Amino acid sequence: MSRHDFPISRRTLLRGAGAALALPWLEAMAPRAALASGTASAPVRMAFLFMPNGVHPKFWTPEGTGSDFSLSPTLEPLADVRDQITVLTNLWHRNSNTGDGHYVKTSGFLTGTTINKTVGIAINCNGTSVDQLAAQRVGGATPLPSLELGTEPVSSGVDTNVGYTRVYGSHIAWRGPTQPLAKEINPRLVYERLFRAGKGSADAAREGRPLLDLVLDDARRLREQLGTTDRQKMDEYLESVRALEQRLERADSPEMNAWQPRAELNPKARPAETIPESHAEHVRLMLDMIVLAFQSDTTRICTFMFGNSVSNKNFSFLDGVSGAHHSLSHHQNEEDKLRQYQLINRWHVEQYAYLLRRLSEIPEGNGTLLDNSMVLFGSGLRDGNRHDPHNLPLVLGGRAGGRLQTGQHVVCGKDTPMSNLFVSMLDAFGSPVDQFADSTGPLKEILASS
């Protein structure tokens, strides 16, 4: 029985006792006519990565424009995916120019709106974020309409320096003006959620059984129906899931950081889920969750916050850094603080580059998972010392299924609305809008010519 006789539904799940895992995009899921004509296409995904506290402006902007540009010192980690990115200069959110400090720049990052000043529960961002607008239109096509991730819990209380509730600084995804979406910060719980999304309970994991083991029998049966290429994709997918599960086990249990033969481990001795002690590993695990979510088509829309507004995460784990993020962003033009600030910026770009590379390594349709995605990385501030919302530091990666033109540095007119970028992204996502927030039209420079 060949895959041509029995094409597989895009919603096929690998099932086991209490677990269900979605499949990657396979040729067997494409309509036979499309496969024969070479027009089979994979879905487009959309992700937004938010970095708090701005950047050292001097080391951010590339030299040159269009396709003839050189990456800046901060953006150098993107060298091996240079052809898959667009660096954007001179975009801003006019509506974030009101209000002091970070909060309006964070909550308005994906809405293009301003926030109501409040110290209590009467929060209002006066808009819907671009990710949630997309989710409202196409989210029903996947088990999860969207996935919201981060590394720091929601901040409580009031920032007395500026008179805003800290809740505003903990969210970039807004379902509506008064509905910020809670983000998950525990990688283990994200992993289990991806299994539960397929109506698997994931209870077995809490009894010490790896979730992947529960669906392997179903995977073997399905594998027999696949062609050679799809079998290879399936094997690589399951291997990547296994590797991720093993990393989660190490993160959950400090005593498992030292290697031991698996037979000597007692899974039931694993303590309750914890946040990884290493911030670097925490971030990498969350980025790998985005890869798994997109590869399995559990969702096509994701947001990730490297940190909340005013995040003072200590970055002493980096060579040459001995302080905390927010403190160093208020550098007062001191040379040593600026140097450390730039190293933190560069580290964040390295993580973004890691995600793009991971997506680029996964074949899908006529290209890769990155070819079928668009991943925006940026901050709601330019220079953290000045809280400057002009000329935001932004990079867009991926070709959105061939709808975006990449490998370029686009220098827009001064103070071009960032909402114009969102209009273009929604168009490339297949959910076009006439206007978003204060947009004045699409960014034609990033759209591929038809």
*Expressed as an acute angle from 0 to 90° and rounded to the nearest 10, what is the orientation of the C-alpha long axis of helix 335-360 relative to the principal long axis of the chain?*
30
*Round to the nearest 10 and report in Å² the accessible area of ASP252, as given by a 1.4 Å probe over the protein chains' heavy atoms.*
0
*Between SER327 and ASN116, how many nm apart are label points set 7 Å from Cα along the C-beta direction?*
3.7
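Take every Cα pair under 8 Å in the chain that's 6+ residues apart, average their separations, divide by the length, and report that relative contact order as a whole percent.
Numbers: 925 pairs, mean separation 134.5, N = 450.
Worked out over the chain, it gives 30 percent.
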*Mind pulling the angle between the C-alpha long axis of helix 187-196 and the longest principal axis of the chain? Nearest 10 degrees, somewhere in 0 to 90.*
50
*How large is ³J(HN,Hα), in whole Hz, for each residue of the stretch 397-411 in order, when computed from phi with the Karplus curve 6.51 cos²θ - 1.76 cosθ + 1.60 and θ = phi - 60°, using x for Gly and Pro?*
x, x, 9, 6, x, x, 8, 10, 8, 10, x, 8, 10, 9, 9
*Using only Cα atoms, locate the centre of the stretch 434-450 and the centre of the stretch 297-357, then give the distance between them in Å, rounded to an integer.*
29
_Two-site FRET efficiency, GLU445 against GLU350, from Cβ-Cβ distance with R₀ of 22 Å, rounded to 0.05_ = 0.25
*asked:* Computing the accessible area with a 1.4 Å probe over protein heavy atoms, can you report the carbon and sulfur percentage for the chain?
replied: 48
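By accessible area of protein heavy atoms, probe 1.4 Å, what ranking do ASP438, ASP68, ASP319, ASP427 get, highest first? Show your work: numbers first, answer last.
On the way: ASP438 20, ASP68 120, ASP319 145, ASP427 75 Å².
If we order ASP438, ASP68, ASP319, ASP427 from most to least accessible, we get ASP319, ASP68, ASP427, ASP438.
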*With the chain treated as a Gaussian network of Cα nodes joined by springs under 10 Å, which of PRO145, PRO393, PRO52 yields the largest mean-square fluctuation?*
PRO145
*Where only protein heavy atoms count, and the probe is 1.4 Å, what is the accessible area per residue for the stretch 112-170 in Å²?*
40
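Using R₀ = 56 Å, calculate the FRET efficiency as 1/(1 + (r/R₀)^6) where r is the Cβ-Cβ separation of ARG231 and SER70; round to 0.05.
Numbers: r = 43 Å, r/R0 = 0.76.
The value I calculate is 0.85.
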_Whole-Hz ³J(HN,Hα) from phi, Karplus 6.51 cos²θ - 1.76 cosθ + 1.60, for the stretch 298-305, glycine and proline x_ = 6, 8, 10, 9, 8, 10, 9, 9
_For the chain, take the longest principal axis of its alpha carbons; what is the angle in degrees between that and the long axis of helix 279-295, to the nearest 10 within 0 to 90?_
60
*Length gain on complete extension for the stretch GLN179 to LEU216, per 0.36 nm per residue less the alpha carbon to alpha carbon distance?*
9.4 nm
*Accessible area of LYS313, 1.4 Å probe, to the nearest 10 Å²?*
70
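For the chain, what value does the Rg/Rh ratio take when both radii are computed over Cα atoms and Rh is the Kirkwood radius, given to two decimals?
0.97
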*So which of LYS58/LYS117; LYS105/LYS313; LYS183/LYS313; LYS183/LYS414 end up more than 23 Å apart by C-alpha?*
LYS58/LYS117; LYS183/LYS414
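Where Lys and Arg each count +1 and Asp and Glu each count -1, what net charge lies around PRO57 among other residues with Cβ under 13 Å from its Cβ? Numbers along the way, then the final one.
Values: positive: LYS58, ARG382, ARG386; negative: ASP383, ASP388.
Computed value for this residue: +1.
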*Could you name the aspartates and glutamates in cross-link range of LYS337, using Cα to Cα under 16 Å and dropping any fewer than eight places away on the same chain?*
ASP319, ASP383
*May I have the extent of the alpha carbons of the stretch 343-412 along their three principal axes, as whole Å values ordered from largest to smallest?*
45, 26, 15
*Subtracting the Cα-Cα distance from 0.36 nm times the residue separation, let me have the gained length for VAL158 to SER41 in nm, one decimal.*
37.3 nm
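The values are calculated or read from the model by the stated rules, or taken from the named source; none is laboratory data. This structure is a prediction, so every number in the text was calculated from the model and none was measured. Because the Cβ atoms are built from the backbone with ideal geometry, glycine has one as well, and the counts that use them run over all protein chains shown. The protein model used for the area step is the full one, side chains on, heavy atoms only, and it has no ligands, DNA or RNA in it. Shrake-Rupley method; radii C 1.70, N 1.55, O 1.52, S 1.80 Å.
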